[in-house]
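Report on the structure given below.
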Amino acid sequence: GELFHSVVCQAMALLLLLSPLLVMVGRLTAVSGTLIHQNNESDLRDVSLNHIPDQHVQDEERRSEQDMKSAVDDLSQLIQDNSNMLRELSQTLTSYVSQHASAAAATAADPQDGEHKDVDIQQLVPIIDELRHKFLQQEVKVEQIKEQVLLKDNIILEREETLRELQTKAQQLEETIMKQRKAVKQECEAEIRNLPTKKPSHSPARDCTDIRLQGETLSGVYQIFPESSPSGVNVMCQMEEEAAWTVFLARHRQTVQENFTRTWQDYKTGFGDPHAEYWLGNDNLHALTAGDHSYRLKVVATNLRGEHQSAEWDTFAVADESNKYRLTLKGYNSTSSLFDALTGVKDNSIEDMSFSTVDMDNDDWSDGSCVVNHDVGGGWWYRRCGAATPTAPIGNTDGKHKVMCWASTVPGGNLLFMGLSHLLMMVRENDDTAA
């Protein structure tokens with residue numbers, strides 16, 4: 001009777017243990033299903049440089065893997081904790097069956113008691129068989145899930161290694177592209193600088209208008225012979241449909257920007273490369289525009305958004321060095337798209353101003369030098385620091401001074417300064433004085 005009672009108690013305990021086991025296996029089955037679904041999706045994806053799994057997908061897969069491992073560990077611990085009870089139940093059942101067989105003979109003496117025990121055994125055996133069957137099923141499921149977790153873990157490790165290799169290849173490819181881009185850019189700039197200077201085949205040209213009269217129609221670098229340069233000077237000629245302009249200031253972005261923080265002597269003789277950025281020289285400007293020849297000025301500017309604007313003035317002349325290269329600038333064309341930041345701003349017109357450099361301050365600003373404090377070293381005809389800084393460094397933002405900029409007016413009369421990425425200043429002889 002005590003042995004039978006023990007078997008019943010252990011069987012009930014196993015029934016109680018079966019419930020959390022079923023819950024745990026259900027949890028494993030759900031996580032396993034998620035992993036299998038993710039694995040199927042992974043098989044469909046083409047792992048290449050064009051497809052690198054994003055961080056969200058990787059994080060989701062790692063969390064699924066962690067959930068699976070955690071569930072397997074919990075279930076394994078639960079089975080291990082209760083394995084002794086299963087063994088004890090098995091031993092108890094074996095002992096009980098043995099004792100029942102030994103007592104079979106005694107049932108003849110007491111048939112009623114034997115019938116009662118047979119009934120108890122017959123009721124208990126199906127329950128125990130069912131428990132054993134369910135435990136065996138769950139053990140098989142646990143082993144299957146363990147195999148799936150191991151397989152998924154290997155797949156994740158392989159994918160992480162593949163991802164690292166792809167990232168390394170992508171980085172190497174990007175570095176190679178950057179190096180090739182830099183090399184091509186330097187090669188192109190070198191080819192531009194090495195373009196042969198076009199020499200006129202006729203009598204020496206005084207300016208680009210003469211170059212055009214000699215039959216040249218393409219913009220480029222040519223050699224002219226102003227009175228100040230009997231040996232000739234190279235300039236950029238900007239050829240238009242009906243006119244040829246001699247560029248005396250060229251600014252644009254390049255790998256190494258020309259330094260416009262120069263002395264009086266540098267601005268006197270000129271500097272830079274006419275294929276790129278340069279200043280023609282104040283002596284050459286005087287030789288071109290002084291005397292009986294009447295010249296006009298044209299400015300072509302490009303802002304930081306790539307928008308082009310231009311303006312023209314009817315009269316442009318530069319005095320000699322003894323007069324500090326004093327500027328004459330008049331006759332702004334009202335149809336111009338570029339605001340008159342040179343003569344159109346009250347108390348800041350550069351008309352009749354002397355030239356200033358870092359070592360020669362000729363402006364009208366009583367508090368200091370416009371070149372030093374506002375133009376960061378670039379020489380120009382400043383009055384009170386002006387509304388344009390054509391020789392300042394090329395920047396990346398709009399704003400007054402410190403970078404190459406050009407002003408425009410806004411409602412209320414205030415000035416709005418726009419940064420420039422490209423600037424050309426050029427002159428040509430007026431039609432009524434051209435020879």
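The values are calculated or read from the model by the stated rules, or taken from the named source; none is laboratory data. Predicted model only: the values in this text are computed from it and were never measured. When we count neighbours, we look across all protein chains shown, and the Cβ atoms used for this are built from the backbone with ideal geometry, even at glycine. These accessible areas exclude ligands, DNA and RNA; they are computed on the full protein's heavy atoms, side chains included. Shrake-Rupley method; radii C 1.70, N 1.55, O 1.52, S 1.80 Å.
Per residue of the stretch 414-428, in order, report the coupling 6.51 cos²θ - 1.76 cosθ + 1.60 (Karplus, θ = phi - 60°) as ³J(HN,Hα) in whole Hz, putting x for Gly and Pro.
6, 9, 10, 9, 10, x, 10, 10, 8, 8, 10, 10, 8, 10, 8
Which value, in Å² and to the nearest 10, is the accessible area of residue 354 when all protein chains are kept and the probe is 1.4 Å?
We get 10 Å² for residue 354.
Expected output is a single nm value to one decimal: the length gained when fully extending between residue 153 and residue 130, i.e. 0.36 nm times separation in residues minus the C-alpha distance. What is it?
The residue 153-residue 130 span can extend by a further 4.8 nm.
On a full-extension model of 0.36 nm per residue, what is the gain between residue 254 and residue 432, subtracting their alpha-carbon distance, rounded to one decimal in nm?
Working it through step by step, the gained length comes to 60.3 nm.
Between residue 162 and residue 174, what length comes free when the chain is fully extended (0.36 nm per residue of separation minus the Cα-Cα distance, one decimal in nm)?
Full extension of this stretch gives 2.5 nm more.
Calculated FRET efficiency, residue 336 and residue 217, Cβ-Cβ r, R0 30 Å, to nearest 0.05?
Calculated transfer efficiency: 0.75.
Spin-label point model (7 Å from Cα, Cβ direction): what's the residue 269 to residue 70 distance in nm?
Label-label distance for residue 269 and residue 70, simple model: 7.9 nm.
Using a 1.4 Å probe over the heavy atoms of the protein chains, calculate the carbon and sulfur portion of the accessible area of the stretch 354-435 as a whole percent.
49 percent
Grab the beta carbon distance between residue 322 and residue 189, set R0 = 35 Å, and tell me the FRET efficiency rounded to 0.05.
My answer for the efficiency is 0.35.
Heavy-atom accessible area per residue, the stretch 161-279, 1.4 Å probe: how many Å²?
60 Å²
Could you tell me the relative contact order of the stretch 338-435? Use alpha-carbon pairs under 8 Å, at least six residues apart, and round to a whole percent. Don't skip to the answer; put the middle values down first.
Numbers: 188 pairs, mean separation 20.2, N = 98.
About 21 percent, as a whole number.
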